[in-house]
Amino acid sequence: MTELYPGYDVLAKRWTQSWNEQTRAVIDARLAAPREPIFFTPDEWRCLSAVCDRIMPQAENRPPVPLAAYVDLKLREGFLDGYRYAAMPPQDEAWRRGLAALDDEAMRLHAARFHALSTARQDHLLSRMQRGELNGTAWGAMPSALFFAHRVIPDITHAYYAHPTAWNEIGFGGPASPRGYVRMALDRRDPWEAAEAKPGEEERARRENDRVG
Amino acid sequence: MGAGFVEPAPWRSWRVRASPTSQKTRVPAERTPWDPDVAVRAGRRLNRASGTIAASVLLDSAIEHYRGSFHNKAMFAPLVSSALSLLAGLHGSGDRRPRPHPARDAAYASAALIGIIGTAFHIYNVGKRPGGFSFQNLFYSAPIGAPAALILSGMLGFLAERVRDNAPGTKPTIAGLAAGRVVAAGVAVGLLGTVGEAGLLHFRGAYHDPFMFLPVTVPPFAAALMGNAAMGSARKPRGFTRWWLRLTAVLGFAGSGFHIMGVARNMGGWRNWRQNVLNGPPIPAPPAFTGLALAALAALSLIEDQDG
């Protein structure tokens, strides 16, 4: 995929008016999240990492966003959604049970844990989960379709878009604190926002993005 | 109304006969001698008042239209026009010749014209948005009252030139009316319009600071005093009006000071100036009141110098 925001690096705002001490502290903490399981067991971690790779495949030419680590962090710190489907257990319990059930389905179908399967087989299992067709005893009363739609997808995609790498990809400005935005109308750009490369304007966008701060 | 109003001809013929050095000695004894410099002095003061408003418009429209990314090329027009009006004000302020200047007249006329077009444009801009003329759009889209300040600068400058456009030693008139009264009436209307703009935007700001009530209390009273001066007796002492106008003039600059503090109170303060100068209260806007008060003081002098 061609870069939509060539040369844009949201972290270049670090020492500009856009960020202050609090902003830097928040981003630093996020970037320093440990890349290892603390909430999850090693088995759960391997399964989760494999699920993350299929739900949010990442480019090879850059350090990946630590998706599994952010999910681990969310559960460890107890960041809740503010609501829960009645058929779903609390989020930490849902994740433990869902990952165990996925490994269980993999063992029954293919005699291997989920992370050890080919990507095609992983995708097949995930698709069946999405359609609610996985209903082994390991799931308990939790519908696999609800686990897919309300735990797997949101937790992993939210983890992805919490990282500056994803912000660069979509031209997001990061935390608007202390500096906000003053040009609120549609399709208007503040000089400290990422410049989108319209076809034929890649160089202009790159120059603009060099100045974003 | 003085005699000069209804029969200006003798004054004109008198001017033609007079030599500049001996004007006063030739004034008929029963007539109050008109200082030939009165009109020029009033004209210069009005040039200055017009220039003050033009400076306010120049800075304000530059900031606000920069914020609007000069999306429409016409958004450069008020910058050019107010800059020319400001130059005309500076030039007129130093010009002691008792006649209008065609370049200044052109600058002022175009300022008034562009101000009128800008007002229409801003009205159109508000009206075309979803919700039309709702408070939301009046608050957050193009401010309807802002281009009117350019009209005021043009109007005051135009009046400055008309005041000069009187034979030296005659009572200055504009379109047959006493010049001081015309300017006083114009200033009263201008003050009320500017109060409307400040009132709307301070209402949007929820009058969160009690000082935000000042521009909706002090200038309206000044407008009332000027309305009275425009209609009332020229011989009545108006010391209180003068002091009230001086207060209004100071208020214009104080307003900028308050707005500078307002910018500082936004998140990030002045360090985050690229955001807050645009997003905070408009620093260059309040001196429009100063310009109007200066014009009002010039008008008062003209009225008081008049022969009743």
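The values are calculated or read from the model by the stated rules, or taken from the named source; none is laboratory data. Being a predicted model, the structure only gives us computed values, none of them experimental. Counting neighbours? That spans all protein chains shown, and the Cβs are built from the backbone with ideal geometry, glycine included.
So which residues in the range A:18-36 are of a type in the set (D, E, K, R) and in a helix (DSSP H, G or I)? Give the steps one after another, and end with the answer.
Just the residues of the range A:18-36 that are of a type in the set (D, E, K, R), to begin with: A:21, A:24, A:28, A:30, A:35-36.
Residues satisfying the conditions are A:Glu21, A:Arg24, A:Asp28, A:Arg30.
From the list A:Gly136, A:Gly174, exactly one residue is in contact with a Pro (Cβ under 8 Å, 6 or more places away or on another chain) and either loosely packed, with under 14 Cβ neighbours inside 10 Å or in contact (Cβ under 8 Å) with a residue 12 or more places away in the chain (or both). Which is it? Break it down into steps so the answer makes sense when it comes.
Numbers: A:Gly136 fails: in contact with a Pro (Cβ under 8 Å, 6 or more places away or on another chain).
The match here is A:Gly174.
Considering each of B:Ala167, B:Ala160 in turn, give the residue that is hydrophobic (A, V, I, L, M, F, W, C) and under 26 Å from B:Val195 (Cα atoms). Don't jump to the end; show me each part of the working.
Values: B:Ala167 fails: under 26 Å from B:Val195 (Cα atoms).
On inspection, the qualifying residue turns out to be B:Ala160.
The combined condition, being in a helix (DSSP H, G or I), touching a residue at least 12 places away in the same chain (Cβ under 8 Å), among the charged types (D, E, K, R) and closer than 27 Å to B:Glu304 by Cβ, is fulfilled by B:Arg181.
Here A:Ala185, A:Ala141 are screened, and the one residue that is within 14 Å of chain B (Cβ to nearest Cβ), surrounded by fewer than 18 Cβ atoms within 10 Å (Cβ to Cβ), small (Gly, Ala, Ser) and more than 30 Å from A:Ala33 (Cα to Cα) is A:Ala185. Quick one: is A:Glu105 buried (at least 19 other Cβ atoms within 10 Å of the Cβ) and within 26 Å of the chain's Cα centre (by Cα)? Considered against the rule, which asks whether it is buried (at least 19 other Cβ atoms within 10 Å of the Cβ) and within 26 Å of the chain's Cα centre (by Cα), A:Glu105 comes out as yes.
I want to confirm something. Restricting to the range A:188-210 and keeping residues that are more than 12 Å from chain B (Cβ to nearest Cβ) and under 12 Å from A:Ala12 (Cβ atoms), which single residue is surrounded by the most Cβ atoms within 10 Å (Cβ to Cβ)? For the range A:188-210, the residue satisfying everything is A:Ala194.
Answer yes or no as to whether A:Glu60 is out of contact with any strand residue (DSSP E or B) (no Cβ under 8 Å at 6 or more places or on another chain), loosely packed, with under 13 Cβ neighbours inside 10 Å and not hydroxyl-bearing (Ser, Thr, Tyr). Lay out the reasoning, then the answer.
On the way: out of contact with any strand residue (DSSP E or B) (no Cβ under 8 Å at 6 or more places or on another chain): yes; loosely packed, with under 13 Cβ neighbours inside 10 Å: yes; not hydroxyl-bearing (Ser, Thr, Tyr): yes.
Yes.
Residues in the range A:144-182 that are in contact with a Leu (Cβ under 9 Å, 6 or more places away or on another chain) and within 14 Å of chain B (Cβ to nearest Cβ): A:Val182 alone.
Evaluating A:Thr137 against the criteria (1) over 16 Å from A:Cys52 (Cα atoms); (2) in contact with a helix residue (DSSP H, G or I) (Cβ under 7 Å, 6 or more places away or on another chain); (3) among the polar types (S, T, N, Q) leaves one unmet condition, (2).
In summary, B:Leu251 fulfils each of the numbered conditions (1) within 18 Å of B:Arg45 (Cα to Cα); (2) aliphatic (A, V, I, L, M); (3) free of Cβ contacts under 8 Å to residues at least 60 places away in the same chain; (4) surrounded by 20 or more Cβ atoms within 10 Å (Cβ to Cβ) with the single exception of condition (1). What number of residues in the range B:67-94 are without any contact (Cβ under 8 Å) to a residue 60 or more places away in the chain, within 14 Å of chain A (Cβ to nearest Cβ) and part of a helix (DSSP H, G or I)? Adding up the residues that qualify gives 1. Candidates are the residues of the range B:254-286 that are within 14 Å of chain A (Cβ to nearest Cβ) and not in a helix (DSSP H, G or I); the one that is surrounded by the fewest Cβ atoms within 10 Å (Cβ to Cβ) is B:Met267.
When you scan the range A:1-33, how many residues do you find that are within 24 Å of A:Asn61 (Cβ to Cβ), modelled with pLDDT of 90 or more and more than 14 Å from chain B (Cβ to nearest Cβ)? Steps first, answer last, please.
The initial filter retains those residues of the range A:1-33 that are within 24 Å of A:Asn61 (Cβ to Cβ), namely A:1-14, A:27, A:30-33.
Checking the rest, the ones that are also modelled with pLDDT of 90 or more come to A:4-14, A:27, A:30-33.
Keeping just the survivors that are more than 14 Å from chain B (Cβ to nearest Cβ) gives A:4-12, A:14, A:27, A:30-33.
Total satisfying the criteria: 15.
Would you point out the residue of the range A:74-94, among those that are over 12 Å from the mean Cα position of the chain (by Cα), assigned to a helix (DSSP H, G or I) and not acidic (Asp, Glu), that is farthest from A:Val152 (Cα to Cα)?
At the first step, the residues of the range A:74-94 found to be over 12 Å from the mean Cα position of the chain (by Cα) are A:75-94.
The next check asks that each one be assigned to a helix (DSSP H, G or I); those that pass are A:75-77, A:91-94.
Going one step further and asking which of them are not acidic (Asp, Glu), we end up with A:75-76, A:91, A:94.
Numbers: A:Leu75: 13, A:Arg76: 16, A:Gln91: 10, A:Ala94: 10 Å.
Restricting to residues being over 12 Å from the mean Cα position of the chain (by Cα), assigned to a helix (DSSP H, G or I) and not acidic (Asp, Glu), the top hit is A:Arg76.
Restricted to the range B:137-156, and to residues that are more than 18 Å from B:Ile63 (Cβ to Cβ) and either at pLDDT below 95 or touching a Phe, Trp or Tyr at 6+ places or on another chain (Cβ under 6 Å) (or both), which residue is nearest to the other protein chains (Cβ to nearest Cβ)? Result: B:Asn137.
In the set (1) buried (at least 19 other Cβ atoms within 10 Å of the Cβ); (2) assigned to a helix (DSSP H, G or I), the condition left unmet by B:Val189 is number (1). Which condition number in (1) under 30 Å from B:Gly232 (Cβ atoms); (2) surrounded by 17 or more Cβ atoms within 10 Å (Cβ to Cβ); (3) touching a Phe, Trp or Tyr at 6+ places or on another chain (Cβ under 9 Å) is the one that B:Leu177 fails? All conditions pass for B:Leu177, except number (2).
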